[in-house]
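Asker: Before anything else, here's the structure in question.
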Amino acid sequence: MNKIPTQKLSKPIVEKVAIVGAGPGGLTTAIALQSQGIDVQIYEKAQEFRPAGTGLGLAPNGLNSLDAIAPGIVETLKSSGCQVIHTVLKNIKGETIRTSQTKYLEQYGQPLLTVWWYHLQQVLASKLPSDIIHLNHHCIGFDQDDNGVKIHFDGQKSVDADLLIGADGVNSVVRETLFAEGKPNYIGSMCWRAVIKYHHELFNDYELIFVIGNKQFMYIVNVGGGYTSWISRKFLPDYSLSQNADEVKSRILQELADWDESFRAVVEATPSEQILEGPICDRPPLTHWSQGRVTLLGDAAHPMAPAMSQGANTTFEDAYELAQCFSHSATLEEALSNYEQSRIDRTKIIQARSAWGEMRYYDHTFTSPSQTPQRQMTLNDDFHKWVYSYKPTVAS
Ligand SMILES: Cc1cc2nc3c(=O)[nH]c(=O)nc-3n(C[C@H](O)[C@H](O)[C@H](O)COP(=O)(O)OP(=O)(O)OC[C@H]3O[C@@H](n4cnc5c(N)ncnc54)[C@H](O)[C@@H]3O)c2cc1C
């Protein structure tokens, strides 16, 4: 990773920043930039903050970045989410193949924390004045020139800013307006998921249950507050979507037909309309994330398969580094160039590794005796160390 200059400038290089997207990326970036005295406004297409998103695993690299931006926030998240102590690998009959203790805290100074996307959004939004978050603002594009950027919304007035940050996720309109790439890339993994109020009496609260089947897997995890997140993915070279919510539920139950009742029970307990069915997608890495007065962050910049649980974690790194580049660069151009240099190479590697990891779950040798926990650890150790030991170097 390139080193960012460490001399801090007194006057912000931009006065007014517009962020599209009030997900983890947009909100964290707003907190970081606001603390530098920058006027930040966030535009979110949702009409209200509502229960959405999946259960996320937050790892030391993401948590350290969050804490550098908003000191103390990890403590709040610990009470909102759940710390994982053990990961338990099971077969579809419900038999335990192996149990491993998570060593993140000892090795990297932060635990593996599970939290619901929606609760994370609420915690982050609570750190910002509510009048800077503009809901019901669906961005449809922008125009820019040397003096500023004008952002356009469906059915709402356009707004002006010195800089636009696209934090609008994998189907980013901002990215599409910049680079016109079209649809994201389906990677061959189909997903069904939900977060529900549910307690599984067979599973311990501090365990992440990972069930491996034939080219299919499921994980069940406590995300705090009495909520359980379940996610099931299946290798499907082509995919089709179900016609309605009831069809989604019967389809996933059909996919799990041979699975132990303890795993099917959580799906059966989920109301049909709360099950989300969708393809897992990424996009090829870009060589640049910025053009003029517009840049990208989080999934808009580097959407990745969830196999390594790094999407949100690397997004927090982005937010931290972007804010650092703002406070230590003389011009906007220099700040965005430093931001790209510090982020693109790292996220490119994690994107590639995540796509590989997703397919690795479908490989029949995943649970074979030669892949003992020790052997997997050796193969992955250096890489995991590089990912998790990322440490923000200068406090914002
Ligand atoms: C099944 C699954 C499991 C995952 N597990 C993990 C995990 O364990 N750990 C982890 O770190 N990551 C995980 N991820 C990835 C993680 O969810 C994302 O990386 C993270 O949410 C990215 O944050 P973001 O703010 O960039 O984008 P998003 O979370 O997608 O937020 C984008 C926001 O922008 C808004 N928006 C979109 N378009 C517009 C528009 N045109 N105008 C205005 N607003 C708009 C959306 O409504 C949303 O609020 C997982 C993803 C999936 C699908």
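The values are calculated or read from the model by the stated rules, or taken from the named source; none is laboratory data. What you are looking at is a predicted structure, and each value in this text was computed from that prediction instead of being measured. Neighbour counts run over all protein chains shown; Cβ positions are idealised from the backbone, glycine included.
Asker: Give the residue that is surrounded by the fewest Cβ atoms within 10 Å (Cβ to Cβ), with candidates limited to residues of the range 199-238 that are under 23 Å from the mean Cα position of the chain (by Cα) and of a type in the set (Phe, Trp, Tyr).
Answerer: Tyr206
One line per residue, one yes/no per condition, for (1) of a type in the set (D, E, K, R); (2) over 23 Å from Pro184 (Cβ atoms); (3) without any contact (Cβ under 8 Å) to a residue 12 or more places away in the chain:
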position: Asp205; (1), (2), (3): yes, yes, no
position: Met218; (1), (2), (3): no, yes, no
position: Ser229; (1), (2), (3): no, no, no
position: Glu268; (1), (2), (3): yes, yes, no
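Asker: Here is a follow-up. Mind checking which residues of the range 68-79 are touching a residue at least 60 places away in the same chain (Cβ under 8 Å) and buried (at least 18 other Cβ atoms within 10 Å of the Cβ)?
Answerer: Ala68, Ile69
Asker: Also, I was wondering about something else. So Leu112 passes all but one of these: (1) within 13 Å of the ligand (Cβ to nearest atom); (2) within 20 Å of Ile19 (Cβ to Cβ). Which condition number does it fail?
Answerer: Condition (2) is where Leu112 drops out.
Asker: Look at the range 141-158 and say how many of its residues are touching a His at 6+ places or on another chain (Cβ under 7 Å) and either more than 11 Å from Val20 (Cβ to Cβ) or β-branched (Val, Ile, Thr) (or both).
Answerer: Residues of the range 141-158 touching a His at 6+ places or on another chain (Cβ under 7 Å): 141-142, 153-154, 156, 158.
Narrowing further to those that are either more than 11 Å from Val20 (Cβ to Cβ) or β-branched (Val, Ile, Thr) (or both): 154, 156, 158.
Matching residues across the range 141-158 total 3.
Asker: Working only within the range 136-178, note down all residues that are small (Gly, Ala, Ser), over 9 Å from Ala300 (Cβ atoms) and touching a helix residue (DSSP H, G or I) at 6+ places or on another chain (Cβ under 9 Å). So that I can check it myself, show each step before the final result.
Answerer: First, the residues of the range 136-178 that are small (Gly, Ala, Ser): 141, 148, 155, 158, 161, 166-167, 169, 172.
Then keep just the ones that are over 9 Å from Ala300 (Cβ atoms); that gives 141, 148, 155, 158, 161.
Hit for the range 136-178 is Gly141, nothing else.
Asker: Look at the range 300-321 and say how many of its residues are touching a Ser or Thr at 6+ places or on another chain (Cβ under 6 Å) and either surrounded by fewer than 20 Cβ atoms within 10 Å (Cβ to Cβ) or assigned to a helix (DSSP H, G or I) (or both).
Answerer: Adding up the residues that qualify gives 9.
Asker: Please list, ordered by residue number, the strands (runs of 3 or more DSSP E) wholly in the range 1-109 having 1 or more residues that are within 16 Å of the ligand (Cβ to nearest atom) and over 30 Å from Gly213 (Cβ atoms).
Answerer: Result: 16-20, 39-43.
Asker: On the basis of being in a loop (DSSP other than H, G, I, E, B), within 20 Å of Gly188 (Cβ to Cβ), of a type outside the set (A, V, I, L, M) and modelled with pLDDT of 95 or more, does Pro279 make the cut? It would help to see each step written out before you state the result.
Answerer: Values: in a loop (DSSP other than H, G, I, E, B): no; within 20 Å of Gly188 (Cβ to Cβ): yes; of a type outside the set (A, V, I, L, M): yes; modelled with pLDDT of 95 or more: yes.
Spelling it out, it is not the case that Pro279 is in a loop (DSSP other than H, G, I, E, B), within 20 Å of Gly188 (Cβ to Cβ), of a type outside the set (A, V, I, L, M) and modelled with pLDDT of 95 or more.
Asker: Right, here's the next one. With of a type in the set (Asp, Glu), within 13 Å of the ligand (Cβ to nearest atom) and either closer than 29 Å to His384 by Cα or surrounded by fewer than 17 Cβ atoms within 10 Å (Cβ to Cβ) (or both) as the only criterion, which of Asp145, Asp154 stands out? Break it down stepwise before answering.
Answerer: Working: Asp145 fails: within 13 Å of the ligand (Cβ to nearest atom).
Result of the check over Asp145, Asp154: Asp154.
Asker: So how many residues does the range 160-172 have that are buried (at least 21 other Cβ atoms within 10 Å of the Cβ), farther than 16 Å from Thr314 by Cβ and within 11 Å of the ligand (Cβ to nearest atom)?
Answerer: 1
Asker: To continue, here is another question. Need pairs with beta-carbon distance below 8 Å; first residue over 28 Å from Phe235 (Cβ atoms) and within the range 341-359, second among the small types (Gly, Ala, Ser) and not in a helix (DSSP H, G or I); sequence gap 6+ or separate chains.
Answerer: Arg343/Ala301
Asker: Would you please name the residue that is farthest from Ala245 (Cα to Cα), looking only at residues in the range 186-208 that are within 14 Å of the ligand (Cβ to nearest atom) and either of a type in the set (A, V, I, L, M) or touching a Cys at 6+ places or on another chain (Cβ under 8 Å) (or both)?
Answerer: Kept after step one, since they are within 14 Å of the ligand (Cβ to nearest atom), are these residues of the range 186-208: 186-187, 189-195, 208.
Filter again for either of a type in the set (A, V, I, L, M) or touching a Cys at 6+ places or on another chain (Cβ under 8 Å) (or both), leaving 186-187, 190, 194-195, 208.
On the way: Tyr186: 22, Ile187: 24, Met190: 16, Ala194: 12, Val195: 15, Leu208: 27 Å.
It comes out as Leu208.
Asker: Something else about it: Tell me which of these Arg50 doesn't satisfy, since it passes every other one: (1) modelled with pLDDT of 95 or more; (2) surrounded by fewer than 24 Cβ atoms within 10 Å (Cβ to Cβ).
Answerer: Of everything listed in (1) modelled with pLDDT of 95 or more; (2) surrounded by fewer than 24 Cβ atoms within 10 Å (Cβ to Cβ), Arg50 misses just condition (1).
Asker: Considering only residues that are out of contact with any Leu (no Cβ under 9 Å at 6 or more places or on another chain) and modelled with pLDDT of 95 or more, which ones fall in the range 207-223? Full working, then the answer.
Answerer: The initial filter retains those residues of the range 207-223 that are out of contact with any Leu (no Cβ under 9 Å at 6 or more places or on another chain), namely 207, 214, 217.
Phe217, the sole residue that qualifies.
Asker: Quick one: is Val223 under 25 Å from Ser79 (Cβ atoms) and part of a helix (DSSP H, G or I)?
Answerer: no
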